1. Could you give every pair whose Cβ atoms fall below 6 Å, whose first residue belongs to region 89-101 and is in contact (Cβ under 8 Å) with a residue 60 or more places away in the chain, and whose second residue is part of a strand (DSSP E or B) and within 16 Å of ligand 1 (Cβ to nearest atom), counting only separations of at least 6 or pairs across chains?
2. What do you reckon, is Thr265 under 30 Å from Pro178 (Cβ atoms) and either modelled with pLDDT under 95 or touching a strand residue (DSSP E or B) at 6+ places or on another chain (Cβ under 7 Å) (or both)?
3. Being in a helix (DSSP H, G or I) and among the hydrophobic types (A, V, I, L, M, F, W, C) is the filter; apply it to region 151-169 and report the residue that is nearest to His105 (Cα to Cα).
4. In this structure, is Glu68 among the acidic types (Asp, Glu) and under 24 Å from the mean Cα position of the chain (by Cα)?
5. Suppose we filter region 352-398 for residues that are small (Gly, Ala, Ser), more than 18 Å from Leu259 (Cβ to Cβ), in contact with a Leu (Cβ under 6 Å, 6 or more places away or on another chain) and modelled with pLDDT of 90 or more; how many remain?
6. So which of Lys56, Lys26 is over 15 Å from Pro170 (Cβ atoms), in contact with a Gly (Cβ under 8 Å, 6 or more places away or on another chain) and charged (D, E, K, R)?
7. When both residues are 6+ apart or on different chains and their Cβ atoms are under 7 Å apart, which pairs have a first residue that lies in region 54-71 and is in contact (Cβ under 8 Å) with a residue 12 or more places away in the chain and closer than 12 Å to Val16 by Cβ, and a second that is within 9 Å of ligand 2 (Cβ to nearest atom) and hydroxyl-bearing (Ser, Thr, Tyr)?
Amino acid sequence: MTHATARAATVEFDQVTKSYDARAAKAGTPGAVNDLSLAVPAGKICVLVGPSGCGKTTSLKMVNRLIEPTSGRIVLDGVDAATRDLTELRRGIGYVIQQTGLFPHQTIEDNVATVPRLLGWPKARQRERAEELLAVVGLEPAQYARRYPAQLSGGERQRVGVARALAADPPVMLMDEPFGAVDPIVREHLQNEFLRIQEQLAKTILFVTHDIDEAIKMGDLVAVMQDGGRLAQYGPPAEILAAPASDFVARFVGADRGLKRLSLTRVADIALSPAVTARVGTDAADARRRTLVDPFPYLLLLDADDRPLGWIDQDHIPGEGLLEARHVDSRSPLLDRRTTLKDALSMLLDDLVQAGVVVDRRGALLGLLTIEQVMAFMRDTAVEGAERSIEQGTGAHR
Ligand SMILES: Nc1ncnc2c1ncn2[C@@H]1O[C@H](COP(=O)(O)OP(=O)(O)OP(=O)(O)O)[C@@H](O)[C@H]1O
Ligand SMILES: [Mg+2]
């Protein structure tokens, strides 16, 4: 085979232990990673998260055998990594290291094209690929391709590191704090951009961070690690937030885990409430009658295509004639189905309105989201989480 295939692979840690100090290990002193077992399904992002020194980088480096385990196996697509040819193994694994590790005497473009060059791609294709990937990570190729790493900021260098790891289209990616050196706004942008390309690439990704918010956002699965590379909990982010397996996990995810859970739920996931509505050009008296019998004292005025124009206070609805756009008193934030409950709540609180108006892609009304509904959602899932942790005997308050 001449180049890496884009197909994703499964990655499995099977009772992996790493002691840097062989003598200490013999004496029974725990090493950097202890008896780590976890399986990452093909095409998923698994985030390793935990405090500094807990063994995240060590765990990653055992996958591409920059570090060999003291015991246990790492299995890629059913094959023990230890039995694979090292060069061939590494070609199938993109690696973004914690401190970028670009080649200082090569241009950015040549850095990004490192693996394609090793694989013997034609020059033109190497350049094309490098430019495409620089654009993906938000570095304008015309501006950056010919520069050297020293002429970039730390955050820009990190983005080049991500582009370089993607260049050969490897089935597995190891990313060690890939967005650690960028400011929160660029970080958010890179996270979103990365999730967007992952939707198409569907690579198997091991992603290291010590930031629980980043873990929750990026991970299909989150592995919370504690000192000595011990797995404290492994599961989808929603499960870890709803039912932390130990006091350590509960403390690590933070007291605001209820709020964090809101960032995992989208408006589409909860049932919306209906609004009293009327279209422009329809009978005002009839709309007024319908609004008066509803507990919510506002009418939502829609245009001919059911797009919300705004609210009319029931006392301001004309007693006769037709409804017009100029009758609107106020507007509330428009939410779409992909808005997270956290963002929705924040918009509702900012605007001091009781209801957000949820619209579909064309802008037509779907229903209302009220602060009470968000609260009810939090209450219900908190109860579910508590019940689950009681069932599992893992309640945070034992
Ligand atoms: N080459 C080495 N020789 C000896 N000990 C090491 C070596 N590399 C790491 N360690 C130790 O192993 C433990 C785990 O280190 P590792 O780099 O895997 O942690 P980490 O979770 O990536 O931390 P951070 O979040 O700070 O990057 C630490 O106690 C560290 O001091
Ligand atoms: Mg590290």
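The values are calculated or read from the model by the stated rules, or taken from the named source; none is laboratory data. From a predicted model like this one, the values you see are computed outputs, not experimental measurements. Cβ coordinates were reconstructed from backbone atoms using ideal geometry, including for glycine residues, and neighbour counts include every protein chain displayed.
1. Qualifying pairs under 6 Å: Tyr95/Leu174; Val96/Met175; Ile97/Asp176; Gln98/Asp176.
2. On the way: under 30 Å from Pro178 (Cβ atoms): yes; either modelled with pLDDT under 95 or touching a strand residue (DSSP E or B) at 6+ places or on another chain (Cβ under 7 Å) (or both): yes.
Criteria met by Thr265.
3. Residues of region 151-169 in a helix (DSSP H, G or I): 151, 154-166.
Still in the running and among the hydrophobic types (A, V, I, L, M, F, W, C): 160, 162-163, 165-166.
On the way: Val160: 14, Val162: 19, Ala163: 18, Ala165: 18, Leu166: 21 Å.
Within region 151-169, the match that is nearest to His105 (Cα to Cα) is Val160.
4. So Glu68 fails the test.
5. So the answer is 1.
6. Numbers: Lys26 fails: in contact with a Gly (Cβ under 8 Å, 6 or more places away or on another chain).
Answer to the check: Lys56.
7. Ile67/Thr58
Table: residues versus (1) near ligand 1 (Cβ under 8 Å from one of its atoms); (2) in contact with a strand residue (DSSP E or B) (Cβ under 6 Å, 6 or more places away or on another chain).
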{"position": "Ile45", "(1), (2)": "no, yes"}
{"position": "Gly55", "(1), (2)": "yes, yes"}
{"position": "Thr58", "(1), (2)": "yes, yes"}
{"position": "Asn64", "(1), (2)": "no, yes"}
{"position": "Thr70", "(1), (2)": "no, yes"}
{"position": "Gly78", "(1), (2)": "no, no"}
